[in-house]
1. Suppose we keep only residues that are open to solvent by less than 30 Å² (accessible area, probe 1.4 Å) and within 11 Å of the chain's Cα centre (by Cα) within the range 31-44. Which one would you say is farthest from Tyr104 (Cα to Cα)?
2. Which one of the conditions (1) within 19 Å of Ile46 (Cβ to Cβ); (2) modelled with pLDDT under 90 does Cys103 fail to meet, given that it meets all the rest?
3. For Asn62, only one of the following conditions fails: (1) modelled with pLDDT under 90; (2) open to solvent by 20 Å² or more (accessible area, probe 1.4 Å). What is its number?
4. Do the conditions hold for Glu132, that is, is it touching a residue at least 40 places away in the same chain (Cβ under 8 Å), farther than 17 Å from Val31 by Cβ and of a type in the set (Asp, Glu)?
5. Among the residues of the range 112-156, what is the count of those that are buried (at least 18 other Cβ atoms within 10 Å of the Cβ), more than 15 Å from the chain's Cα centre (by Cα) and either at positive phi or modelled with pLDDT of 90 or more (or both)?
6. When residues of the range 82-96 are filtered for being over 16 Å from Tyr133 (Cβ atoms) and part of a loop (DSSP other than H, G, I, E, B), how many remain?
7. Does Gln120 qualify as being of a type outside the set (Val, Ile, Thr), under 17 Å from Trp162 (Cα atoms) and touching a Phe, Trp or Tyr at 6+ places or on another chain (Cβ under 9 Å)?
8. Yes or no: Gly47 crowded, with 20+ Cβ neighbours inside 10 Å, touching a strand residue (DSSP E or B) at 6+ places or on another chain (Cβ under 8 Å) and over 18 Å from Gly154 (Cβ atoms)?
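The values are calculated or read from the model by the stated rules, or taken from the named source; none is laboratory data. These figures come from a predicted structure and were not determined experimentally. Counting neighbours? That spans all protein chains shown, and the Cβs are built from the backbone with ideal geometry, glycine included. When the accessible area is computed, the model is the full protein with side chains, heavy atoms only, and any ligands, DNA or RNA have been set aside. Shrake-Rupley method; radii C 1.70, N 1.55, O 1.52, S 1.80 Å.
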Amino acid sequence: MRLVIFLFTLAALGQSAFAETVITGDQFRVVCGDTVHIGSHQTRLIGSDAPVPHQQCRNDENIRWDCGRVATDMLAGMLESADGGIRCVITGRDKYQRLLGTCYANMGDGGSVEGGIDVQKALIRSGFAVAEYADQYNPDEEAARKAERGIWSGCFTRPKKWRRKYRDCD
């Protein structure tokens, strides 16, 4: 009975019971604008949500564009230009058992997290992802929205709502 109570308690704690780990590498595969494989580790960029690869948005002239593909390409380009690879601080798992982490790129300083570019922040601030599931990137989303960058240049459906409607990606 104690074991059952312990397991329920662990399940209720969710991410807080997960021991923080770090994954690094220069071999990766971008799945979409907020998910990357580093070796065998599928990592979801925590705090951000990007349009799915075939999601479309509309620009300020109401013309459709492939914002999901562009978001995916932006993440891939950012990581491909990282001279020191990618480093993700993993803090939990989502309901699909993907690792959740904050990832850093362009670390030409021996791989320190402090020297890297916060990938989520860069994607959100450039307007190719939205702040979701956490509050730390809300100011970056607001800056992108005010400057009408990326998906904020016109009309779009937030990725979470789009996936719910089309039951896609997740």
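1. Result: Cys32.
2. All conditions are met except number (2).
3. Result: Asn62 fails condition (1) only.
4. no
5. Selection size over the range 112-156: 6.
6. Residues meeting the conditions: 4.
7. No.
8. Yes; evaluated as a whole, the condition is true for this residue.
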